[in-house]
Amino acid sequence: MKMKMARRIVLSAKCATLCGLAGAMFCAAMFSALFAPAAAAQAKRKVIIDQDCAGPGGTDMQAVLTILNSPETDVLGVTVLTGDAWRDEEVLHALRLLEIVGRTDVPVVPGAVFPLVNTKEEMARWENIYGKIIYQGAWNWGKPVHGPYEIPPMPEGKPTTKAIDEDAAHFLIRMVRKYPHEVTIYAAGPMTNLALAINLDPEFASLAKELIVMGGGIAPETNDPEFVVTPRREFNFWFDAEATKRVFRAPWPRIVVTTVDISVKTKMSKELIAQIAAGTSPSAKYIAKYAEEGYLWDELAAAAWLDPTMITKSVKLYMDVSIDHGASYGDTLVWVPGQQPGLGEQLVEVQEDLDLAKFYREFVALMTAETPGAHAAAGASSGVDASSGADMHATATAVAGAGNYAKGQGGGAAAVESDARARR
C-alpha cells in the first residue's frame, strides 16, 4: 500500500515540476483524487507536532505543512516551545498558519519558554572561555532579536484564534494515554516539552508509538562554518542539552533521527520555491510568499516519516548528549552497538543518505496540495477568521498564561551556507 501511495505522490509532483500554473492546478486535483482514497482505506497516523514554530515560512512552518498536508495523518495538536524564536511569538505564527490553510480545528498548545538548565547568560560566560556559538536561536537570531514576551510585527497578519488553555507537557501525556501506542511524537525543536512530560509521567515515552527527531550531528560533510569545527554541536540538542539527555534515555518503542549530516544534503533552492509557487493552494501561496533559501532540516524528518523509502541508508547507533558544562556541552554522542557505556542510552535509527530527487518531488506535491480537512476560513488571507472574535491582546494573554511551567532564570551549497540558519 505504501509503495502505491508513494508512486502517486511522485506522479503528482512530476506534474507540478513539468507544468506551469495550469499544470499545478491539475496536479493538485490529481493528488487529491489519487491519494485520498488510498489513505482513507487505512487508519490515519496519529501525530503530535512538537515544534519551535518560527515564522512566517522557513523550515519550522514548512515541516508543519508537510505533515498537515498529508492525507495519511491525524494531527492531534502542535505543541510549541522556544527554539528558533521565542515561544509566544511562535504560537501566534502557528495559529496564523492554521487559519490560512483552514485547519483551526488543530489545537496549538503553548509549551516551555526556557530550557531546563541552560540560559543565555550562562552561555555568554561559556563563550568567554570556549569561543563563540554561531547560532543560538531566539537568543541571538531574529529580525530583530527581542525578549521572550515581545511580539514583533507579523507579516502574514495577526491570528484571531487562540491557543488552548493547557500546557504542552500535560497535553502530550493526555494524548498518549488517550491513544496508547498509537501516537507518533514528531520533535523538530529543543526537547524541553518532552522532558517535562517524561518527568511528570514516567510512562509517557513507553505509551507513545515512536519518536521522530530532527537533531544532532555526527560528522557532516559541509563547509558550513557552523559545523566545520564543531560538527557535533547542533542547535536542537544543544539549546536544552539536559532535556535532550532526559528524552534520549527514556524507553521509547522506537526512535528515528534526522541529523545535520543528512540535512545538509538538501536545499530549499529558488528553483524549488518556484515549483511550489506555481501551485494555487493556500499552502503553496504561503510558501511562495515567505520561503527562504536554506537547508530543509525539519521538512526532511517529516517527509521521511511519511515515506521512509526516500531514505536509502541508515544505521543503528546508541545516542546521547553531553551535559558536561565544559567545551563539549550539548555535543551529540554516539556509539556502535557493544561500545556504549550502558548508562541508559537508547538504540536509535540514524538516517545517513536519501534519494534527493524523490524527496524533492514528494515535498513539492505536499506543499502544493490542498490541506485535507480544510474548512472555509472567511478572511484567511486578511487575518480575519470568522470562527473567532478574539483580538490580538486576548491571544497574547492566553499564550503568556499557559505553558509558563518551564519559566526559569535567564533568558548544501555555498549560497545556502551563507545564511543557513535563517529560522533554522
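The values are calculated or read from the model by the stated rules, or taken from the named source; none is laboratory data. These numbers were taken from a predicted model, which means no experiment stands behind them. With ideal geometry, Cβ positions are generated from the backbone for all residues, glycine too; neighbour counts draw on all protein chains shown.
What residue, among those in the range 280-309 that are part of a loop (DSSP other than H, G, I, E, B) and among the aliphatic types (A, V, I, L, M), is surrounded by the fewest Cβ atoms within 10 Å (Cβ to Cβ)?
The extreme case among them is 291.
Return only the number of the condition from (1) part of a helix (DSSP H, G or I); (2) touching a Pro at 6+ places or on another chain (Cβ under 8 Å); (3) within 15 Å of residue 319 (Cα to Cα) that residue 246 does not satisfy.
That leaves (2) as the condition not met.
Taking residue 110 as meeting all but one of (1) over 27 Å from residue 210 (Cβ atoms); (2) crowded, with 21+ Cβ neighbours inside 10 Å, write down the number of the exception.
(1)
For residue 313, all conditions in the list (1) part of a loop (DSSP other than H, G, I, E, B); (2) charged (D, E, K, R); (3) modelled with pLDDT of 95 or more hold save one; what is the number of the exception?
Among (1) part of a loop (DSSP other than H, G, I, E, B); (2) charged (D, E, K, R); (3) modelled with pLDDT of 95 or more, the lone unmet condition for residue 313 is (1).
In the range 67-115, what count of residues is obtained for those that are within 24 Å of residue 178 (Cα to Cα) and among the charged types (D, E, K, R)?
So the count comes out to 4.
Can we say residue 159 is surrounded by fewer than 16 Cβ atoms within 10 Å (Cβ to Cβ), assigned to a loop (DSSP other than H, G, I, E, B) and not hydrophobic (A, V, I, L, M, F, W, C)?
No: the conditions fail for residue 159.
On the basis of being surrounded by 21 or more Cβ atoms within 10 Å (Cβ to Cβ) and modelled with pLDDT of 95 or more, does residue 354 make the cut?
yes
So residue 365 clears everything in (1) farther than 16 Å from residue 104 by Cα; (2) at pLDDT below 50 except one condition, right? Which one?
Checking residue 365 against (1) farther than 16 Å from residue 104 by Cα; (2) at pLDDT below 50, the one that fails is (2).
Collect the residues in the range 314-327 that are in contact with a strand residue (DSSP E or B) (Cβ under 9 Å, 6 or more places away or on another chain) and either under 15 Å from residue 214 (Cα atoms) or surrounded by 17 or more Cβ atoms within 10 Å (Cβ to Cβ) (or both), keeping them in residue-number order.
Scanning the range 314-327 gives 314, 317, 318, 319, 320, 321, 322.
Write out, first by first residue and then by second, each pair whose Cβ atoms fall under 6 Å of each other, whose residues are 6+ apart or on separate chains, and whose first residue, in the range 144-168, is closer than 20 Å to residue 114 by Cβ and among the aliphatic types (A, V, I, L, M) while the second is part of a loop (DSSP other than H, G, I, E, B) and at pLDDT 95 or above.
Note: pairs meeting the criteria are 168/111.
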